[in-house]
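See structure below.
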Amino acid sequence: MTSKLEQKETPQANGAVLPIVGGDCLASPERGQRAEPADFLGPDGTGVEVVVLESRANAKGVREEDALLENGSQSNESDDTSTDRGPEPASPLKETSFSIGLQVLFPFLLAGFGTVAAGMVLDIVQHWDVFKYVTEVFILVPALLGLKGNLEMTLASRLSTAANIGQMDSPKELWKMITGNMALIQVQATVVGFLASIAAVVFGWIPDGHFSIDHAVLLCASSVATAFIASLVLGMIMIGVIIGSRKMGINPDNVATPIAASLGDLITLALLSGISWGLYKELESKAYVNPLVCAFFISLLPIWIVIAKRNSATREVLYSGWEPVIIAMAISSVGGLILDRTVSDPNFAGMAVFTPVINGVGGNLVAVQASRISTYLHMSGVPGDGPETAPRKCPSPCSTFFSSDVNSRSARVLFLLVVPGHLVFLYTISSMQGGHTTLTLIFIVFYMTAALLQVLILLYIADWMVHWMWGRDLDPDNFSIPYLTALGDLIGTGLLALSFHVLWLIGDRDSDVGD
């Protein structure tokens, strides 16, 4: 006796209902072939109820693909299984250019005003005795401000990705991510701060041929203390921002990294100035204070290492995440050397107020883009797996900025924010009578050219670097942002110094460069 397969609704493991239809051809995983309707007939020829269990990997893939930022980036498989979905974490809304710009705009402006405040602080403290007589402190400025990019922005990108793919939904998972990541950034901040002080001593000693042990210890104590305290404060702020944005239905990738920088530059520079000034005052009467401060923060390292090792989410980064932050610190220190040599010349003292602004804006924008691309890739699998397994060759500028791809769309939005953003920041600096430079038309043209060129280069490098690291089985959340923000410091400082030199050579006296 023959019988048609009965159509039934069978509950899946994840709570979804899947209809079994006689005409459907289902895959037989064990034989690697398609199953025919006869395979589902019972001994008496009647239809058999078939329960199809959805694998954990596929369920995760459905959730992740549903969170993709553009319809065009969704695969057909995601469309086919869009009804096979049970309870899942809230996904970010599908984004248009307008929604991307709207979500990025406020954090971008907030971060920009933070860099303006940092520039105003640097413009004031450059005349303090500690900056005059221990000029190597200038070398620490980009390195420690870049530490925000090396650590806080990496933390923001890592937690944003974890939040978007549902790894922070339960209180237990959330607590594990917080404790592990906070301990990790304290380890990295202490070590990188110590290495930054060594780099400052070396870069200051090589050109002058003069070495002072007291100044070296002062730089070490100031750098380590600043890095530790700034990372602790900013890390807690970042965790609150990501949790809050997730609950409000905002994509954390759009807001977390700029807000990481909103107060980051100001807090870090204020701490560096205050701590170095205080330790410099104690240098003559209480010389033992500097080594004690340095030893205290280094002695806390074993505690943070133990906590970070106990967390599986941060254990791998603790062992393998040093290369990017150390190399990025060295790159930023080269930018600091450029700043030291330029600002020390009275003709270019006005550059100090603009350096944190141009570096901060470029770093913030490229960090947003890198975080978005990384999240996009994580939704399709794990590093080294999926459609992006092969290391990517250098993309063409057209594919980076002019394709219909969602990441290309966000690159255009971020690039278009450069000019209006910098105009607002320059006006703010001028209205607060900051710096030693009058904002003439020719100065604004040179400044904007440097800013646009910096962001254009960084967005292009980010498109290549994130995909290349993904294909090399490296997590871009941990590896890409340190390099990108450090390159932003170096490119921004170099282009700004070049602009000031050109303005001085062509005799733009109306801008009062050097007064």
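Tell me, please, whether a residue that is more than 22 Å from the chain's Cα centre (by Cα), within 22 Å of GLU152 (Cβ to Cβ) and open to solvent by 30 Å² or more (accessible area, probe 1.4 Å) can be found in region 314-333.
Checked region 314-333: no residue is more than 22 Å from the chain's Cα centre (by Cα), within 22 Å of GLU152 (Cβ to Cβ) and open to solvent by 30 Å² or more (accessible area, probe 1.4 Å).
Name the residue, out of TRP175, TRP205, that is more than 27 Å from the chain's Cα centre (by Cα) and either surrounded by fewer than 24 Cβ atoms within 10 Å (Cβ to Cβ) or at pLDDT 80 or above (or both).
Values: TRP175 fails: more than 27 Å from the chain's Cα centre (by Cα).
None of the others qualify; the one that does is TRP205.
Could you tell me whether region 186-196 includes any residue that is under 27 Å from PHE106 (Cα atoms) and open to solvent by less than 50 Å² (accessible area, probe 1.4 Å)?
First, the residues of region 186-196 that are under 27 Å from PHE106 (Cα atoms): none.
Looking through region 186-196, none of the residues is under 27 Å from PHE106 (Cα atoms) and open to solvent by less than 50 Å² (accessible area, probe 1.4 Å).
Can you give me the number of residues within region 116-157 that are modelled with pLDDT of 75 or more and of a type in the set (D, E, K, R)?
Total satisfying the criteria: 4.
Among GLY240, GLY166, which is under 21 Å from the mean Cα position of the chain (by Cα), open to solvent by less than 50 Å² (accessible area, probe 1.4 Å) and on the phi > 0 side of the Ramachandran plot?
Every option except GLY166 fails the conditions.
Within region 183-204, does at least one residue satisfy the condition of being in a helix (DSSP H, G or I) and hydroxyl-bearing (Ser, Thr, Tyr)? Give the derivation first.
Filtering region 183-204 down to residues in a helix (DSSP H, G or I) leaves 183-204.
Those left that are additionally hydroxyl-bearing (Ser, Thr, Tyr): 190, 197.
Yes: one or more hits.
Can you run down the residue pairs with Cβ atoms below 6 Å, 6 or more apart or on separate chains, where the first is in region 292-318 and assigned to a loop (DSSP other than H, G, I, E, B) and the partner is open to solvent by 30 Å² or more (accessible area, probe 1.4 Å)?
Short answer, once both residue conditions are applied: ASN311/LYS176.
Out of region 90-106, which residues are surrounded by 15 or more Cβ atoms within 10 Å (Cβ to Cβ) and at pLDDT below 80? I'd like the intermediate steps shown before the answer.
Of all residues in region 90-106, those surrounded by 15 or more Cβ atoms within 10 Å (Cβ to Cβ) come to 91-92, 94-95, 99-101, 103-105.
The answer is SER91, PRO92, LYS94, GLU95.
What residue, among those in region 424-474 that are under 23 Å from PHE106 (Cα atoms) and polar (S, T, N, Q), is surrounded by the most Cβ atoms within 10 Å (Cβ to Cβ)?
Among those that are under 23 Å from PHE106 (Cα atoms) and polar (S, T, N, Q), it is GLN454.
Would you be able to say whether some residue in region 414-423 is open to solvent by less than 30 Å² (accessible area, probe 1.4 Å), not polar (S, T, N, Q) and not in a helix (DSSP H, G or I)?
Going residue by residue through region 414-423, those that are open to solvent by less than 30 Å² (accessible area, probe 1.4 Å) are 414, 417-418, 421-422.
Right, trim to not polar (S, T, N, Q) and you get 414, 417-418, 421-422.
From what is left, the residues that are not in a helix (DSSP H, G or I) are 417.
Looking through region 414-423, at least one residue is open to solvent by less than 30 Å² (accessible area, probe 1.4 Å), not polar (S, T, N, Q) and not in a helix (DSSP H, G or I).
The values are calculated or read from the model by the stated rules, or taken from the named source; none is laboratory data. The shown structure was predicted, so the numbers you read here are calculated from the model rather than taken from an experiment. Note that each Cβ is placed from the backbone with ideal geometry, even for glycine, and that neighbours are counted across all protein chains shown. For accessibility, only protein heavy atoms count, side chains too; no ligands or nucleic acids. Shrake-Rupley method; radii C 1.70, N 1.55, O 1.52, S 1.80 Å.
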